[in-house]
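Asker: This is the structure, below, for whatever I ask next.
The values are calculated or read from the model by the stated rules, or taken from the named source; none is laboratory data. Keep in mind that this is a model prediction, so the values were computed, not measured. Here the Cβ is made from the backbone with ideal geometry for all residues, glycine too, and neighbour counts use every protein chain on show. When the accessible area is computed, the model is the full protein with side chains, heavy atoms only, and any ligands, DNA or RNA have been set aside. Shrake-Rupley method; radii C 1.70, N 1.55, O 1.52, S 1.80 Å.
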Amino acid sequence: MKRTTFKICFYIQKSRIAKDGQVPILLRVTINGLRSVVSVNLKVNPDNWNAVAGRSIANTRMDEELNTRLNTIRLRVMQIYREMEMDKVEITARDIIDKYLGRDTKPKIMLLDVFREHNDRCRKLADAGKDIAAATVVRYETTLKHVANFIKHTYGMDDIPLADVNHKYITDLDFYLKTERGCSHNSSTKYLKNFKKIIRIALANDLIQKDPFANIKFRLDVVEPEFLEDHEIQAIVDKEIRAARMAQVKDAFLFCCFTGLAFSDVKGLKPEHIVRDNDGSLWIRKPRQKTKIMCNIPLLDVPKQIIEKYKDHPSCVKQGQLLPVPCNQKMNAYLKELADLCGINKEISTHTGRHSFATSIALANGVSIENVAKMLGHSDTKMTRHYARVLDKSIKKDMDEVQKALSSFSIAK
C-alpha cells in the first residue's frame with residue numbers, strides 16, 4: 001500500500017461571527033493533499049485564537065476546557081486513522097470524518113448475506129449437476145440456519161457485520177451448538193468447518209482482514225460406525241414383511257448391504273448403471289454422487305433378485321430407476337422399526353448398509369482392502385480402513401490356522 005500523508009488542523013471561521021462575538025471552530029483532515037472539513041460544535045473568541053497552535057491562548061477556565069476538548073477530538077481522529085491503517089484499507093479524509101461522526105458511507109457487509117450468496121451459488125451448481133452434491137447444499141443450509149439462530153439468541157439481532165466475527169464469536173458459536181442445540185462434539189465441529197469456508201471466501205475477497213479461525217484447530221472424536229454381522233443381515237433377509245412400504249425399505253437396505261452403495265447412489269441407480277462384462281457377469285458401474293469417483297461392483301445374487309423384483313414397479317418405470325426408494329429421513333425411520341422387528345439391538349441407518357458390506361460381506365470373506373476401496377468408490381484405502389472392522393469370526397479363523405501350525409507343541413504331563 002502506498003505511503004499516506006495525514007494532517008489534522010483546527011481553525012476558526014471568521015466570516016461567521018455570533019452575537020456574542022465568538023466564531024465556530026472547524027476540523028480539517030488532510031490525506032495525501034485531499035481535505036475534508038467538519039464543524040466540531042465549539043466556539044472561541046477570535047482574539048484568543050492561535051492559528052499556528054490551533055488552540056485558544058487565553059487563561060480562563062472556559063478556554064482551558066475548550067483546549068481539552070480539542071485535544072480529545074484530535075486523539076479520537078488519530079485513533080480512527082491508526083485503526084484504518086491497521087486494517088489495511090484505503091483511507092480518505094472523508095472516511096476519517098465519516099467515522100468520527102459515526103456515519104460510515106460504505107455499507108457494512110453482513111455475515112448472513114455472504115452466507116446466503118454462497119449457498120445460492122452452491123444450489124445452482126447442484127441443480128446443474130456440477131461440482132457439488134445436493135446433500136452438501138443441505139448441510140450448508142443447515143449450518144446457515146444454526147448461525148442465524150445463534151445471532152438471534154446471543155445478540156438479539158437478525159444479522160451482524162462480517163467484520164464483527166472474531167475468535168470469541170467462533171467459540172461462543174461452538175458452545176451454543178453443544179448446549180442450546182444439543183449437538184455432539186463431532187456435529188458441532190462439522191458445522192464450524194462449513195462456517196469456516198464462508199470465512200475463507202471473505203478473506204480471499206478482502207471482505208475481512210483477520211482470520212477468526214487462526215488459532216482454532218478442529219479435532220473429531222473417533223466414532224466406531226455401526227455395522228451388521230452376517231447373522232443379523234440374515235435375520236433381515238428371512239423376515240417376512242407384508243406392508244409394501246416397509247418391504248421396499250427392507251429391500252433397499254439389503255441392496256446397500258450387498259453392494260456397498262450409499263443411500264443417494266441407490267436412490268439414483270438407473271438401468272444404464274448395470275453393465276455386463278465379457279464373461280456375462282453383471283456389474284454396477286456408477287460414479288458416486290458425493291465424490292464422482294467410479295464404483296465398480298460385481299452384482300451378487302441378492303441384489304440381482306431385488307432388481308428383478310422391482311423391474312415392473314410403476315414408480316421405477318415412471319422415474320427410470322431400478323428401486324423404489326423413499327427419502328433418507330423416512331428410510332431411517334422405517335429402519336429403526338425394521339431393526340426392532342428383526343430383534344437387532346443396534347441403531348441402524350441407511351449408511352449402516354455400506355459399513356456392513358465393507359466389513360461383514362467383503363473383508364470378512366477374504367476380499368482385499370484394495371478391492372473393497374475400489375467397490376466403495378474410495379480414492380485410496382485410508383478411507384476404507386474407517387469402514388473396516390475385525391470380526392470375532394475372522395480372528396477365530398486366523399487363530400485356527402495358527403493352531404494347526406502349532407499342533408506339534410504340547411505341554412508334558
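Asker: So if I check each of THR142, THR136, THR154, which one is over 23 Å from LYS267 (Cβ atoms) and either open to solvent by less than 30 Å² (accessible area, probe 1.4 Å) or part of a helix (DSSP H, G or I) (or both)?
Answerer: Residue meeting the stated conditions: THR154.
Asker: Name the residues in the range 357-372 that are part of a helix (DSSP H, G or I) and either open to solvent by 20 Å² or more (accessible area, probe 1.4 Å) or more than 27 Å from ASP398 (Cβ to Cβ) (or both), would you?
Answerer: Passing the criteria: ILE361, LEU363, ASN365, ILE369, GLU370, ASN371.
Asker: Pick out the one residue from LEU177, LEU192, LEU207, LEU173 that is outside any helix (DSSP H, G or I) and either on the phi > 0 side of the Ramachandran plot or not β-branched (Val, Ile, Thr) (or both).
Answerer: Only one candidate qualifies: LEU207.
Asker: Quick one: in the range 331-356, which of the residues that are touching a residue at least 40 places away in the same chain (Cβ under 8 Å), open to solvent by 70 Å² or more (accessible area, probe 1.4 Å) and of a type in the set (D, E, K, R) is nearest to VAL372 (Cα to Cα)?
Answerer: So the residue we want is GLU347.
Asker: Tell me, please, whether a residue that is under 27 Å from ARG181 (Cα atoms) and among the polar types (S, T, N, Q) can be found in the range 78-96.
Answerer: Start the filter on the range 78-96 by keeping residues that are under 27 Å from ARG181 (Cα atoms), which leaves none.
No; the residues of the range 78-96 include none that is under 27 Å from ARG181 (Cα atoms) and among the polar types (S, T, N, Q).
Asker: Against the conditions (1) among the aliphatic types (A, V, I, L, M); (2) in a loop (DSSP other than H, G, I, E, B); (3) within 30 Å of LEU27 (Cα to Cα), where does ILE96 fall short? Just the number, please.
Answerer: Result: ILE96 fails condition (2) only.
Asker: Have a look at THR384, THR350, THR291 and point out the one that is closer than 17 Å to ILE236 by Cβ and among the hydroxyl-bearing types (Ser, Thr, Tyr).
Answerer: Selected residue: THR350, the only one of THR384, THR350, THR291 that is closer than 17 Å to ILE236 by Cβ and among the hydroxyl-bearing types (Ser, Thr, Tyr).
Asker: Is there any pair with a first residue in the range 108-133 that is basic (Lys, Arg) and a second that is outside any helix (DSSP H, G or I) whose Cβ atoms are under 7 Å apart and which are 6 or more apart or on different chains, and what are they?
Answerer: Within 7 Å, the pairs are LYS108/PRO161.
Asker: Return yes when VAL44 is open to solvent by less than 60 Å² (accessible area, probe 1.4 Å) and either over 38 Å from the mean Cα position of the chain (by Cα) or modelled with pLDDT under 90 (or both) and no when it is not.
Answerer: The answer is yes for VAL44.
Asker: Just for the range 250-269: of the residues that are in contact with a strand residue (DSSP E or B) (Cβ under 9 Å, 6 or more places away or on another chain) and open to solvent by less than 10 Å² (accessible area, probe 1.4 Å), which one is farthest from LEU363 (Cα to Cα)?
Answerer: LEU269
Asker: From the list LEU26, LEU112, which residue is of a type in the set (A, V, I, L, M), within 21 Å of LEU207 (Cβ to Cβ) and surrounded by 12 or more Cβ atoms within 10 Å (Cβ to Cβ)?
Answerer: Values: LEU26 fails: within 21 Å of LEU207 (Cβ to Cβ).
On inspection, the qualifying residue turns out to be LEU112.
Asker: Condition test on LEU70, is it part of a helix (DSSP H, G or I), touching a residue at least 60 places away in the same chain (Cβ under 8 Å), open to solvent by less than 80 Å² (accessible area, probe 1.4 Å) and more than 30 Å from MET157 (Cα to Cα)?
Answerer: yes
Asker: Where residues in the range 50-67 are part of a strand (DSSP E or B) and closer than 13 Å to CYS9 by Cα, which of them is most open to solvent (accessible area, probe 1.4 Å)?
Answerer: Among residues in the range 50-67 that are part of a strand (DSSP E or B) and closer than 13 Å to CYS9 by Cα, the one most open to solvent (accessible area, probe 1.4 Å) is ARG55.
Asker: Taking the criterion of being in contact (Cβ under 8 Å) with a residue 60 or more places away in the chain, farther than 28 Å from ASP127 by Cβ, assigned to a helix (DSSP H, G or I) and open to solvent by 30 Å² or more (accessible area, probe 1.4 Å), would at least one residue in the range 236-249 satisfy it?
Answerer: Yes, some residue in the range 236-249 is in contact (Cβ under 8 Å) with a residue 60 or more places away in the chain, farther than 28 Å from ASP127 by Cβ, assigned to a helix (DSSP H, G or I) and open to solvent by 30 Å² or more (accessible area, probe 1.4 Å).
Asker: Considering only residues of the range 157-170 that are of a type in the set (Val, Ile, Thr) and not in a helix (DSSP H, G or I), which is modelled with the highest pLDDT?
Answerer: Among those that are of a type in the set (Val, Ile, Thr) and not in a helix (DSSP H, G or I), it is VAL165.
Asker: Now for a different question. Counting only residues that are touching a residue at least 24 places away in the same chain (Cβ under 8 Å) and aliphatic (A, V, I, L, M), which one in the range 200-222 is surrounded by the most Cβ atoms within 10 Å (Cβ to Cβ)?
Answerer: By that ranking, first place goes to ALA202.
Asker: Which one of these is hydroxyl-bearing (Ser, Thr, Tyr), without any contact (Cβ under 8 Å) to a residue 24 or more places away in the chain and more than 17 Å from LEU207 (Cβ to Cβ): THR142, THR154?
Answerer: THR154
Asker: Look through the range 118-147, keep the residues that are of a type in the set (A, V, I, L, M, F, W, C) and at pLDDT 95 or above, and return whichever of them is farthest from GLU180 (Cα to Cα).
Answerer: Taking the candidates together, the pick is LEU144.
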